[in-house]
Amino acid sequence: MNKKIFRAANIQEALANIKEEMGKDAMILSTRKIPRKPMDPYGKEMFEVEAGITAKEGGAERDSAVKKIDEGLFESLKGDISEIKDMIAIAGFGSGIQNILCSHFESVGVLASFLRAGVSERLAISLIERSMVALSPDLGQTERIKHLKKNVMAHCLAQLSVKDYFNRNNSSGVPHVAAFVGPTGVGKTTTIAKLAALLSLKRKMKVGLISIDNYRIGAFEQLKAYASIMGLLCVPAFSAQDLACALERMKSMDVVLIDTAGHSHYDNKKIDEILRLIKSDFGISVHLALSVTAESINMKEAASAFSVFNPDTYVFTKIDETKRCGKILDQVNNLNLPVSLITNGQKVPEDLIVPDKQTLLRIILGKEPKGILGKGPKGEV
Ligand SMILES: Nc1nc2c(ncn2[C@@H]2O[C@H](COP(=O)(O)OP(=O)(O)OP(=O)(O)O)[C@@H](O)[C@H]2O)c(=O)[nH]1
Ligand SMILES: [Mg+2]
């Protein structure tokens with residue numbers, strides 16, 4: 001610090017001099033009154049003020065050292081807090097989790113992320129165990145965590161597959177006919193409406209719609225209403241014969257989308273009826289719609305019941321209604337099919353995503369901001 005002593009007849013004058021000479025950042029270090037000398041009858045009392053200013057360079061160094069300490073402290077606190085949060089996320093899970101933490105504590109963060117995202121305990125442990133195998137024992141803690149994350153992501157990506165099933169690559173000369181099946185109320189009809197809009201308006205394909213939902217009054221009207229808005233042909237079909245006629249009418253289309261009635265996955269009789277209709281030699285691809293709001297066990301049972309259709313892809317719906325899309329990873333692990341579509345809201349046609357693998361993984365891990373997804377099919381907005 002640069003210091004200097006100023007003398008003046010009064011404090012105000014001393015301060016004015018200090019400000020002028022050292023600037024407004026100067027600090028007052030001490031003040032003193034100097035009494036009049038007894039031997040000098042004309043003498044006056046004076047004020048002495050010692051002022052100082054922090055040297056610029058030294059100050060900058062000190063400031064940056066303090067900043068570094070603060071940042072270090074902040075980072076370490078942040079690390080502690082996130083570890084505590086991870087431990088809370090893990091607390092209450094079974095002995096499998098405790099065991100893996102005993103042998104690989106560095107996996108706590110990854111494990112917590114999986115569990116928070118709704119991935120099952122069993123799958124999370126298995127993914128971590130598989131990813132640990134490839135880790136070199138010579139790595140330090142930070143490097144181990146980094147490599148573990150990388151390996152886990154690679155394992156997840158290897159399990160996932162996506163398929164943009166409804167593109168323009170069909171050169172067979174006959175329409176691609178696709179039926180949507182799944183439990184009641186998962187969003188089949190709404191998804192078909194969104195997809196029809198995407199294909200006809202954005203991809204400029206000729207699209208026809210067929211409803212074989214002959215159980216409920218209004219089911220056909222629901223699809224027909226969407227079709228009318230988009231100017232698409234939409235017909236009902238109540239039997240195999242109807243379906244054959246409808247497909248004949250639509251043979252000049254690029255794509256024909258078939259809406260089916262939702263059924264409880266315990267209602268084998270009704271599932272069988274649809275099966276007989278759409279699997280009777282029309283070359284129809286089948287897409288299994290499952291809502292991610294369902295519990296994992298229900299999703300698994302529904303997929304198992306609808307697996308008689310031998311589905312070609314999954315359509316996961318209502319991701320906007322849960323933060324636990326990790327169950328998609330479990331479902332894909334149970335029955336491995338590519339994912340063709342994801343829906344994230346009620347708005348037609350916006351809330352539809354044709355995911356790529358990375359997007360799908362981000363959705364599964366709850367990392368995809370809903371705002372971006374809400375804008376429509378990824379890459380086509
Ligand atoms: N939040 C949310 N709601 C959705 C989504 N997709 C559909 N829905 C809503 O879910 C409800 C049922 O949708 P539908 O399309 O009629 O479902 P469905 O599978 O055809 O139903 P059934 O024909 O009765 O089996 C409607 O209120 C839709 O608006 C979605 O992605 N997110
Ligand atoms: Mg429906």
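Couple of notes before you dig in:
- Counting Lys and Arg as +1 and Asp and Glu as -1 over every other residue whose Cβ lies under 15 Å from the Cβ of residue 173, the net charge comes to +1.
- Taking the chain as a Gaussian network of alpha-carbon nodes connected by springs under 10 Å, the highest mean-square fluctuation of the residues 354, 332, 174 belongs to 174.
- Residue-count net charge about residue 238 - beta-carbon cut-off 12 Å; Lys, Arg +1, Asp, Glu -1: -3
- Relative contact order [Cα under 8 Å, 6+ residues apart], segment 83-159, whole percent: 28
- Centre separation in Å (Cα based) which lies between segment 245-306 and segment 102-139: 36
- Taking the fewest neighbouring Cβ atoms within 10 Å as the starting point, the ordered list for 213, 40, 312 is 40, 312, 213.
- Highest-MSF residue in the chain out of 318, 78, 270 [GNM, Cα springs under 10 Å]: 78
- When 186, 286 are arranged by Cβ crowding within 10 Å, least crowded first, meaning fewest neighbours, the order is 286, 186.
- Per-residue Cβ neighbour counts within 10 Å put 315, 308 in the sequence 308, 315, beginning with the fewest.
- Cut-off 15 Å between beta-carbons: net charge of the residues surrounding residue 118, Lys and Arg +1, Asp and Glu -1: +3
- Using θ = phi - 60° in the Karplus curve 6.51 cos²θ - 1.76 cosθ + 1.60, the 3J(HN,Hα) couplings for segment 21-33 round to 7, 9, x, 6, 8, 4, 10, 7, 9, 7, 9, 7, 9 Hz; x is entered for Gly and Pro.
- Residue pairs exceeding 22 angstrom between C-alpha atoms, taken from 150/367; 85/149; 85/318; 19/44; 85/146; 3/33: 85/318; 19/44.
- Here is how the number arises for the chain: DSSP H runs of 4 or more residues each give -39500 (n - 2.57), the sum is divided by the residue count, and the result at 222 nm is -14000 deg cm²/dmol.
- DSSP finds beta bridges in the chain, and of those with both partners inside it, around 35 percent are antiparallel.
- Loop-located chymotrypsin sites (Phe, Trp or Tyr not before Pro) across segment 231-319 with a Cβ neighbour count of 16 or fewer within 10 Å are 238, 266, 282, with loop assigned by DSSP.
- Annotation for segment 281-351: GluC sites (Glu not before Pro) lying in DSSP loop with at most 13 further Cβ atoms inside 10 Å of their Cβ are 295.
- The equivalent ellipsoid that matches the C-alpha gyration tensor of the chain spans semi-axes of 71, 28, 17 angstrom, in descending order.
- Over segment 2-54, Cα pairs under 8 Å with separation of 6+ residues give a relative contact order of 51 percent.
- Between segment 193-211 and segment 220-244, the Cα center-to-center distance that results, in Å: 13
- Counting only DSSP beta bridges whose two residues both lie in segment 176-373, roughly 5 percent are antiparallel.
- For the chain, relative contact order (Cα pairs under 8 Å, six or more residues apart, normalised by length) works out to 15 percent.
- Between segment 1-36 and segment 333-369, the alpha-carbon center distance in angstrom: 70
- Once you divide the Cα radius of gyration of segment 176-373 by 2.2 N^0.38 Å, the number left is 0.97.
- The angle separating the long axis of helix 268-278 from the principal Cα axis of greatest extent in the chain is about 80 degrees.
The numbers here are math on the coordinates, done by the rules we state, and not lab data. Nothing here was measured: the structure is a model prediction, and the numbers come from that model. Neighbour counts are summed over all protein chains in view; Cβ atoms, including those assigned to glycine, are modelled from backbone coordinates with ideal geometry.
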